[in-house]
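First the structure, in the form of structure tokens, and then the observations on it.
The values are calculated or read from the model by the stated rules, or taken from the named source; none is laboratory data. This one's a predicted model, so the numbers in the text were calculated from it and none came from an experiment. When we count neighbours, we look across all protein chains shown, and the Cβ atoms used for this are built from the backbone with ideal geometry, even at glycine. Quick note on the areas: whole protein, heavy atoms, side chains included, nothing else; ligands and nucleic acids left out. Shrake-Rupley method; radii C 1.70, N 1.55, O 1.52, S 1.80 Å.
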Amino acid sequence: MHLLSVENISKSYSDKILFEDVTFGIETGDKIGIIGVNGTGKSTLLKVVAGLEPADSGKVSIGRSVVLRMLAQDPAFAPEETALEHVLGGDSPQLKAVRDYAEIMQALAVNPDDSKLQERLIAANQRMDELEAWQLESEAKTALTKLGILNYDEKVATFSGGQRKRVAMAAALLQPSDVLILDEPTNHIDNDSVAWLEGMLQKRKGALLMITHDRYFLDRVSNRVIELDQGRAHFYEANYSRFLELKLEREEREIASEAKRQNLLRNELAWIRRGAQARSTKQKARIDRFEALKEQGPKASGGKMDVSIASSRLGKKIIEIDKLMKRFGERTLIKDLSYIAVPEDRVGIVGRNGSGKSTLLKLIAGKFSPDGGSVELGTTVKLGWFSQEHEEMDESLRVMEYIREGADQVKTADGSTISAGQMLERFLFSPSMQWSVISKLSGGEKRRLQLLRVLMNAPNVLLLDEPTNDLDIATLTVLEDYLDDFPGVVLIVSHDRYFLDRTVDRILSFEGEGVVTHHTGNYSDYQAYAERQEALKQAPAKLAAPSKPESRERPLKMSYKDQKDYEQIDGWIAETEEGIKSIVQQMELSSSDSARLQQLAEEQQGLEAKLDQLLERWTELNELAEQIAANKKG
């Protein structure tokens, strides 16, 4: 079903063209990811589609019965409403019925003998039955809980910015819509919440239009990609992995086309220089062709950041944490944590929101004092702190002034010296942008500027607190390459699974109640370990401790079914894994068929669920086999 049409829309601010002549449609089942360098107009495009900002030209047409809902980066709330009230505050008949029922119940609690209220309660009950609305409140609480909001009866006005964003997201997911528009939905939520949101959006039947820089999320949820680049929009019927392949093919075609244009231009230039006089129609046409070829040149690309800044020398002693303790009121965030950094350490710090991850970085940076234990830094340590907030930026300064406060010149990795202006150009800040006031930059441009300021100080220990928030994919890719060659130590708090997989080789996991565990490997390695541990917890109790006294008298053995499963389960696992690989290949071949992609994605989810069950069964049978072998030896 066709839901929405965007026809030749353009938008610019002063002399900067954000995008022009953008045309596309949205159908039921479309899940569209918008990507591009910060400042290219991604959020503005969403606002124009949602009707929150006018386009300079063109139009957006929405079907008469189509419901469009947008989750903005800075959502608005009524002054006195609670989290649950906001989530249930939609205008659908079901949500209205839930609110009416709740209001009557609240009034009856004060006046239980009021006959009119009792009559209204009977009518409200009937209305709830008719609309099958009884589960909505439960679903609202579940969504809030999954997004880390447990105090859903408190006023939203008391919440942090990140908490308010999560409340708004729960409302956007629960309240019905045909087109859901999300601007950076994975910012400010932890890894578990990202995984839950991913599953919710995969199952969602309506259309989705979103901006996200979480590449795993984009890969698993989207089936179409719109790339904004230098005012132009490029369209791909693909998820993120396939988009990368198609973009490479497009750029190769453009390079070949540009080479051909340059060759024609050289031939025409040679002809012009021979002194041809433009008297005949034929000669005049050839001169016009030369001018047209010059005009056909490609627009400047979005550029690529070159981050090759030198770092300070690092001694043997770097960071030594011994039995660290930190409490806030009655809550223990960190208990008995010990850690010694080694050269080129890459540590990812994960856990639920509010568990103490950022607090650990602030303890290392000396911004907080420990309640027990110690944090010691080596004398040669030069910290680089990249925080979540823009609190360290004076937004009244101009871009150049802000950078020069850190350093007017900087040494690069090859030993040369370049100016602040040259470094800003490497970070995609044009000469005209360098004298812009910081407050006029987009959120992502501010983050990119803050990152440059941190790196220009040549740190040898980097503390990165949610570095992927608001940074575009191009910036993240270059930052990942920079960290590959960075000779110092890096500690990263992040919910971006791709970024952690790409950059770290150790994990500190905040498990709650102050417990922090150490794991070797990247995030996927840690996640696989956590899933194995969960599977072991859920294994039948009889495998761990047989309860029947008879088991001591006769040897434990497998049933006929267990034996058959034990013999065949490796083959079943291999077969299922091959099935998943086959579906991934089919998805690549079906990149232009959104309906087929959706069908394949559902088949893939089914096979992945089957694989999880088989792996749990494999664990159960192998534990049983080991126990039987141990009994025989005994």
Residues being touching a Leu at 6+ places or on another chain (Cβ under 9 Å) and open to solvent by 60 Å² or more (accessible area, probe 1.4 Å) - total across segment 135-149 = 4
Log entry, pairs with first residue in segment 108-133 being closer than 25 Å to S92 by Cβ, second being open to solvent by 100 Å² or more (accessible area, probe 1.4 Å), beta carbons closer than 8 Å, six or more apart or on different chains, reads M128/W134; A133/R127
Under the condition of being polar (S, T, N, Q) and in a loop (DSSP other than H, G, I, E, B), which residue from segment 54-101 is farthest from D153 (Cα to Cα)?
-> S65
Within segment 76-95, can one find any residue that is in contact with a Pro (Cβ under 9 Å, 6 or more places away or on another chain), small (G, A, S) and either closer than 30 Å to V478 by Cβ or in contact (Cβ under 8 Å) with a residue 60 or more places away in the chain (or both)?
-> yes
Quick one: G443 ticks every box in (1) within 17 Å of the chain's Cα centre (by Cα); (2) under 30 Å from K317 (Cβ atoms); (3) open to solvent by 10 Å² or more (accessible area, probe 1.4 Å) except a single one, so which number is it?
-> (2)
Which condition number does R352 fail, the rest of (1) modelled with pLDDT of 95 or more; (2) touching an Asp or Glu at 6+ places or on another chain (Cβ under 7 Å) being met?
-> (1)
Going through segment 486-526 one residue at a time, which ones are among the polar types (S, T, N, Q) and open to solvent by 70 Å² or more (accessible area, probe 1.4 Å)?
-> T520
Scan segment 334-362 for residues that are under 28 Å from the mean Cα position of the chain (by Cα) and open to solvent by 10 Å² or more (accessible area, probe 1.4 Å) and jot them down.
-> E344, R346, G351, R352, N353, G354, S355, K357, S358, T359, K362
Criterion violated by G443 - all others in (1) touching an Asp or Glu at 6+ places or on another chain (Cβ under 6 Å); (2) modelled with pLDDT of 85 or more satisfied | (2)
Lone qualifier among E391, E376 - being open to solvent by 20 Å² or more (accessible area, probe 1.4 Å) and at pLDDT below 90 | E391
Counting only residues that are closer than 30 Å to V225 by Cβ and modelled with pLDDT of 65 or more, how many does segment 548-592 have?
-> 15
Which of the helices (runs of 4 or more DSSP H) contained wholly in segment 379-495 include at least 1 residues that are within 30 Å of V516 (Cβ to Cβ) and touching a residue at least 40 places away in the same chain (Cβ under 8 Å)?
-> 443-456, 473-485
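A quick yes/no check of all residues on (1) within 30 Å of T28 (Cβ to Cβ); (2) open to solvent by 50 Å² or more (accessible area, probe 1.4 Å); (3) over 33 Å from the mean Cα position of the chain (by Cα):
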residue	(1), (2), (3)
D74	yes, yes, no
E80	no, yes, no
V98	yes, no, no
E103	no, yes, yes
A107	no, no, yes
D113	no, yes, yes
K116	no, yes, yes
I122	no, yes, yes
D56: farther than 30 Å from I211 by Cα, open to solvent by 80 Å² or more (accessible area, probe 1.4 Å) and of a type outside the set (V, I, T), yes or no?
-> no
How many residues of segment 496-527 are of a type outside the set (F, W, Y), closer than 19 Å to G356 by Cβ and assigned to a strand (DSSP E or B)? The answer is 11
